[in-house]
Each structure stands twice: as C-alpha cells, then as structure tokens.
Amino acid sequence: VTPLSAYPGDESVASHFALVTAYEDIKKRLKDSEKENSFLKKRIRALEEKLVGARVEEETSSVG
Amino acid sequence: VTPLSAYPGDESVASHFALVTAYEDIKKRLKDSEKENSFLKKRIRALEEKLVGARVEEETSSVG
Amino acid sequence: MEERHSNFSQVLFNNVEKFYIPGDVVCCYTLTEKFVPRPKDWVGVFKVGWETTQEYYTFMWAPMPDDLNTESATQQKIQFKAYYLPKDEEHYQFCYVDEDGLVQGISIPFQFPPPDSEEDIMIV
Amino acid sequence: MEERHSNFSQVLFNNVEKFYIPGDVVCCYTLTEKFVPRPKDWVGVFKVGWETTQEYYTFMWAPMPDDLNTESATQQKIQFKAYYLPKDEEHYQFCYVDEDGLVQGISIPFQFPPPDSEEDIMIV
C-alpha cells in the first residue's frame, strides 16, 4: 500500500512553501553560525595577544 | 515603463528553481561556517591550554 | 493562497533536531485544535526541494489517536527505523500528508550526518 | 520540465558577493553562447522566495551589447544605485528576465548588511 497524493496545483504551492520553511530555518542558522564565528575569531585574537604578553613577561622575568 | 512579466505556469517553475538555487548556496555556506566554527573552537582550546602552560611556567620560573 | 498556506500548519512538528545521529528517529508532532486526523494520513521524510508528495524518501502511517477529546491525543509520535532513513548529507524535512494527499504540516530541515563528521557536530 | 530548467541558466551571474556593503552595486553577468539578448530584457533584484517576476525590488534594463559577435559582448555589467537597493537583512538574488517575461538567469543569494553588523562581516 502506498499513500495517496493528489492535487498537482496544491502540491506545487505546498512544495514551494516547504522550501520557504526550510530556507528560513537555514538562513537563521547561517546568521547564528556567522555571528558565533566572528565572536570566536575575536576570542582567538584576544587569547593570542595574552599569550604573546605572557611570553614577554616570562622572558623579562627570566632575564631579570 | 515597467518590465513585462508573463506565463504564470513558467513563473512558478522559475520561482521554485530560484529558491532551490538559493537554498543550495546557503546550505553550502552553513556547512562551511559550521566547519570553520568547530575548527575555531579547537584552536581556542589549544590556545587556552598553551596560556595555562605559559602561566605555570612563568610561576615556576619566578619561584625558582 | 493565504488560506491554503494556513493548511500547512495544521500539524506542527516539535523538537526537530538539526542532526539525527545514526539510529531510529522519533518524530513528534501536535495536531492543532481544528485538525481531524484520518486513518490514511501519513508522515513522510522528504528531501528539501521536493516537488511532489510522491517523492517521499520513506513514510509511516500516522497513528489514529484513541480519543481526540483528551488533551494527550493531540501529541503524537512516530518512530522511523534507522534502516529506512537516508544515509547521505542532504537536508530532509518531515511532512504530514492527509489521506486526500494535502500537505498539512511541514517541519524545519534536518540532516543525518555521516559517521566521520559526528565529532565536529558534537563540538558545534 | 528539464528543458525549461536549462533556460534559467542562459545568463550566468558572476562574482556575486555574499554581502554588499552600502553603496552602488555592480552586477556582472555572462550571456551564454546561444542566448540572444533583446532590448526590453531586464535584471531585477528579488527577495529570495519571490513568487512572480512582478515582485522585483528594483530593476534595470539590460544593456544591449554593441556587437554580439565580439567576445567582450557576452560579458555585461549593470550598476544598481545604492538609493534603490534594499536596506534590510533579507536575502536577495539577481534574476535576468527577458522581454517575454521568462527568467533566463538566477544568481545565488546575497545580503545588504545593516551598518551595525558590518564589523562582524569584515571579520568573517
């Protein structure tokens, strides 16, 4: 037994609407992901700076 | 003057195809963004570990 | 047109994941107040971009609630067996199709990640 | 159906950005070999999810190449003035519509980021 399917006109409206639904969701996820991405990049820059600072300090303290 | 527009049937095929085109593109972008995201998170973890290491070293060197 | 669109949300899919790890998938949905389920309604897994409801990847008949008047009757669950689910990286969505072939509910998209990408997803 | 689909790629949009910073936007496209442009063809900016070509946000008439037989004639450019472009965060795409109203080319989606998100985008 296979399920019924009908109304080709309605179907193309339904399939378009389904794709719109999917697009809206992915659009939101992409935005969130890109935002998180830029946040993570800022965090990396801050960590890298700290690390350079820590090294300089270390060197200074071992020289002094 | 406004541009012409015709053939409602063709149009719904065109609009669906346009949405498919757009979906395919942002699907790829989401995937790339999520991948980059997970890469950046790994990088942050590595940097954080290094920073902890640098501090421990610094402390050891100033104590010694 | 607007009236038809509202049909697509007579059945609401809940707690749809972004990624389903390998195994059976439980699909939860809510029948909205005015929606009356019928014995040959079904829920299909469709690849995003589907054009006709015949293009379902797999489907299950929707269970008939015992008594529509109880509150719990509107909350339904279907379990899709892992064996029948897609194994690629495409995007899929659930659709609830009534026995006349009309789409009554559409979910957001989800994926079945291949084994090698699982670690990344856990991190994300 | 398949034959119709191929129509949508008679004109190919090139170098479409993900984000266009505020200002005029140059839209580049290529006319494929068999495509013959006509004086009332146009290129529209459409919000993704458009249903009819009348829903263009803005449009420009497509320039007629001086001589179709030269190679450079197939590479075309249209400049959309900043004033006429959308100012929201929605996704848009270019579509090339011929003078019969048939869609002959479709671009990938792009956005016009609002001023406060620009910094983030530069980083991304």
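FYI, it's all coordinate maths here, none of it is from the lab. On a predicted model such as this, the values are computed, not experimentally measured, just so you know. Glycine gets a Cβ as well: all are built from the backbone with ideal geometry, and neighbour counts include every protein chain shown.
Using a label point 7 angstrom from Cα along Cα-to-C-beta, what distances in nm, from shortest up, separate residue C:77 from the other copies?
The answer, with the shortest distance listed first, is 6.2 nm.
Work out from phi, with θ = phi - 60° and the Karplus expression 6.51 cos²θ - 1.76 cosθ + 1.60, the ³J(HN,Hα) of each residue of the range D:33-50, listed in order in whole Hz, and give x for Gly and Pro.
In residue order, the calculated couplings are 3, 8, 7, 10, x, 10, x, 9, 5, 8, 10, x, 9, 10, 6, 4, x, 4 Hz.
Would you mind checking which residues have amide H under 5 Å from residue D:19's amide H? H placed 1.01 Å from N; only 5 or more apart, or other chain.
When sequence neighbours closer than 5 places are left aside, the close amide H contacts are D:111.
If the label for residue D:88 sits 7 angstrom from Cα along the Cα-to-Cβ line, what are its distances to the same label in every other copy, in nm to one decimal, shortest first?
Computed spacing set for this position: 3.4 nm.
Give me the inter-chain shielding for C:102-114: mean count of other chain Cβ atoms within 10 Å, whole number please.
The shielding value for this peptide is 4.
Please find the FRET efficiency linking residue D:19 to residue A:57, where r is the Cβ-Cβ separation and R0 is fixed at 45 Å, and quote it to the nearest 0.05.
0.70
Run the reach check for residue A:31 against lysines, Cα to Cα strictly under 19 Å, same-chain hits fewer than 8 apart removed. What comes back?
Cα-Cα hits under 19 Å: A:41, A:42, B:27, B:28, B:31, B:35, B:41, C:18, D:18, D:47, D:87.
Within 10 Å of each Cβ in D:53-62, how many Cβ atoms from other chains are there, averaged over the peptide?
The mean count of partner-chain Cβ atoms within 10 Å per residue comes to 3.
Can you pull the mean other chain C-beta count within 10 Å for peptide B:35-47?
6
Residue-wise, which Karplus ³J(HN,Hα) couplings in Hz belong to the range C:96-112, taking 6.51 cos²θ - 1.76 cosθ + 1.60, θ = phi - 60°, and x for glycine or proline?
Each residue of the range C:96-112 in turn: 9, 10, 7, 5, 8, x, 8, 6, 10, x, 9, 9, 6, x, 9, 10, 10 Hz.
Using a label point 7 angstrom from Cα along Cα-to-C-beta, what distances in nm, from shortest up, separate residue C:19 from the other copies?
2.5
Please arrange D:96, B:23, C:84 by how many other C-beta atoms lie within 10 Å of their C-beta, fewest to most.
Sorted ascending by nearby Cβ count, the order is C:84, B:23, D:96.
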